[in-house]
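Worksheet: the structure to be examined is printed underneath.
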Amino acid sequence: MKIYQRNLRAMNSAIILTVVTKKDSRRIDQLLDQLTARIGEFERRFSRFLNNSELSNFNIRAGRRTTISKTFMEILTTAKSLSIQTNGLYNPLILPALQKAGYKGSWPNPGNEIKTLNFSDRAVLPATKIDIGRFWAQIPTNTAVDFGGLGKGYLLDNLADYLYSQDETSFWLSLGGDIICSGHDIYSLPWDIAVQGALNQGTNVASFSNNRGRKLAVATSGITKRNGIHNHKAWHHIIDPQSGEPAATGVLTVSVTADKAVIADVYAKCIVIGGEEIATTYKENRIIESFVVQAKGNSTKVKIIKG
Amino acid sequence: MAKYKIKSTRFISRQILLLCIHPKHNRDRIEFVAGQYAAISYRSRGRYSAMRCFSIVSSPNHTDELWFAIRVDGDFTTTLAGQKIGSSILLRGPFGNFVIDDQYDRNVIMLAGGIGVTPFMSMILDSAEIKRPNRLTLLYSNTTQNDVAFKDSLVELERMNDKFKVAFFISNGDIDKLKGTRALRGRITESRLNQLTGENYNRFTFFICGPQGFINGMKNILEQHGTETDRIVTEEFLVAGKLSDSLLPKDQSARMVYFLSAASLTIGTLLIMGMDLVRAVPKLAVAYSTHQTSNISSQTPSASQSTPSNVAPGSTSPNTSTTTPSSGNSYNSQSSGTPTPTTNSGSVPAPTVYQPPITSVS
């Protein structure tokens, strides 16, 4: 067995693609090329930081019926459905509030509002207002969609499905710290995924082990990375849809595991917004499999809650 | 951009060319919804032409071929009509929101002016093949009966699909060639629309396509009768299918190629002039200039650089490493693998130490 790994940068994140296989390097290179191309294609079509992406064009046409691709339809339908399931804690129409809070440009230049489309003067409405037809969708005038809350998860699931279709079942893929893994490592042992410390990123505070070998997704959401000061006010990128303000529950980071990366991605954010108590509820309802919450503890210490 | 080849071309009326193209490879095949359009560019004198947009007339259920009906009345379309079978075509798309929804558009009235019938052909074919529930009525207006395109196809489709009806309107001249069809002299008027709709306009969705004047005329009638905005869907055909910036997403790659070609030509010319000048000056000056020239030649950019389309903006050169198990727990890696096309094309992937999975804030 050999392990192949490719590192690249896209979606303003570090991306690591790792495959364990018996196949030759030429074949795996082609496979990794395919994954790379899919990532590039996804960003080109669904990044809100690209003014001519499919997503940006859709937002420009708010209020009008717009033909969308099958992939866009899938993501939008998933987003609407998850918004309803999470009682609005996740909301794909959060973009105006996100930009108003200060996250206008692509990280790490979030204040770069000149180059990206600005929808901060629009409203945040419930995702139930999204209308979806057979191959078109419509959002109310004066709203705007962002796939930032589930895009990486959706893409990870897509990449994993592609690897399975190519008979590759031992791999781990990381998009900026959101991970999906399957199978085993080069020693035929389960993948162990370490959880980085919220405040001390040089330490690992916990780990998840993929003992069953099937697909396992791990997503980490938090307020410790993408943040800044806007109009003399601190902001981060996890916005509470109800208040329209950055979430302030004391949660620093949340790592959750689920069988699908899109679920892990969305519910990790919901726990940041809803607080540590909601993590237990999600686990009891079998929405997520396990979690590690790092929250503000006494003085400078970080409280770690595992479930 | 998808690569296609011309499969056939023929004129179906005085000025209308029917163009059939097929994908060069299966992966180039595009999927589309009936009513959408695509942008086409053909190869001429070693370069691809500018792109023009045309509605797809064929059924979306058979994408091994794409058909376009093109009015030949300018340089672009004339040259396109002269292309040989097997010639290369570049295609982008599909684009457009001129599409019928099964659920919302139960009763559809299609108002077509001249070549504006093209998007409707795809819709009507699709409806006949899939047996869609929507009722479709096409009112097709032309100046003379010789301008009518797809007459036989439309009559046949009406026979095949009891949910589809067609009527031809001829402004000038005879209608004898339309015998046996529902053909009327004159234009599509308010009284005819009143008759068709029973003056209950909001029971229908109106799709209008054709020249701007035709669209404006039809819209005026509909709006005067209180037709809701949602029930009027339009697609304007610009003169000779000219491209509008708003219709086509921006693509900087062609401009970049031209810019870099011009830049390298200029620099190359200056270099040659510089070298000629050097030969004409005394030895002391030559020694200094030779040093300068060697620096310039190593920086000459490649004329063929363009922004690659398959890598995300901002990505660096990806590198692949392969390892085999060693005696310890740490992995040793060797760089191998083929560099993929990136903005740093040609750079050697750096060796990388294997990184284990660590989840962190994304």
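The values are calculated or read from the model by the stated rules, or taken from the named source; none is laboratory data. Note that the structure is predicted; figures quoted are calculated from it, not measured. Ideal geometry is used to build each Cβ from the backbone, glycine not excepted, and the neighbour counts take in all protein chains shown.
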Reported set for segment B:36-64 where residues are free of Cβ contacts under 8 Å to residues at least 60 places away in the same chain and of a type outside the set (Phe, Trp, Tyr) is B:Ala38, B:Ile40, B:Ser41, B:Arg43, B:Ser44, B:Arg45, B:Gly46, B:Arg47, B:Ser49, B:His62, B:Thr63, B:Asp64
Filter result (without any contact (Cβ under 8 Å) to a residue 40 or more places away in the chain and within 23 Å of A:Ser174 (Cα to Cα)) within segment A:254-278:
A:Val256
Taking segment B:65-82 on its own, how many of its residues are touching a residue at least 24 places away in the same chain (Cβ under 8 Å) and surrounded by fewer than 17 Cβ atoms within 10 Å (Cβ to Cβ)?
5
Determine which single condition A:Lys152 fails, assuming it passes every other condition in (1) within 8 Å of chain B (Cβ to nearest Cβ); (2) in contact with a Gly (Cβ under 7 Å, 6 or more places away or on another chain); (3) part of a strand (DSSP E or B).
(3)
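Yes/no per residue for (1) in a loop (DSSP other than H, G, I, E, B); (2) more than 17 Å from A:Leu93 (Cβ to Cβ):
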site: A:Leu125; (1), (2): yes, no
site: A:Arg134; (1), (2): yes, yes
site: A:Ala137; (1), (2): no, no
site: A:Pro140; (1), (2): yes, no
site: A:Thr143; (1), (2): yes, no
site: A:Tyr164; (1), (2): no, yes
Listed residues A:Ser170, A:Ser120, A:Ser69; which is surrounded by fewer than 22 Cβ atoms within 10 Å (Cβ to Cβ), at pLDDT 95 or above and over 16 Å from the mean Cα position of the chain (by Cα)?
A:Ser170
Filtering segment A:238-258 for residues that are farther than 18 Å from B:Ser362 by Cα and part of a strand (DSSP E or B) leaves a count of 1
Filter segment A:1-40 for residues that are facing chain B (nearest Cβ under 7 Å) and of a type in the set (D, E, K, R); the one that is farthest from A:Thr77 (Cα to Cα) is A:Lys2
Return the pairs, sorted by first residue and then second, in which the second residue is small (Gly, Ala, Ser) and not in a loop (DSSP other than H, G, I, E, B), the first residue lies in segment A:185-202 and is more than 7 Å from every other protein chain (Cβ to nearest Cβ) and more than 9 Å from B:Ser360 (Cα to Cα), the beta carbons are less than 6 Å apart, and the residues are 6+ apart or on different chains.
A:Pro190/A:Ser209; A:Asp192/A:Ser207; A:Asp192/A:Ser209
I'd like the residue in segment B:99-119 that is within 10 Å of chain A (Cβ to nearest Cβ) and either touching a residue at least 12 places away in the same chain (Cβ under 8 Å) or of a type in the set (A, V, I, L, M) (or both) and, out of all such residues, is farthest from B:Asn200 (Cα to Cα).
B:Val99
Just the residues that are assigned to a helix (DSSP H, G or I) and surrounded by 12 or more Cβ atoms within 10 Å (Cβ to Cβ), please, taken from segment B:212-227.
B:Gln212, B:Phe214, B:Ile215, B:Asn216, B:Gly217, B:Met218, B:Lys219, B:Ile221, B:Leu222, B:Glu223
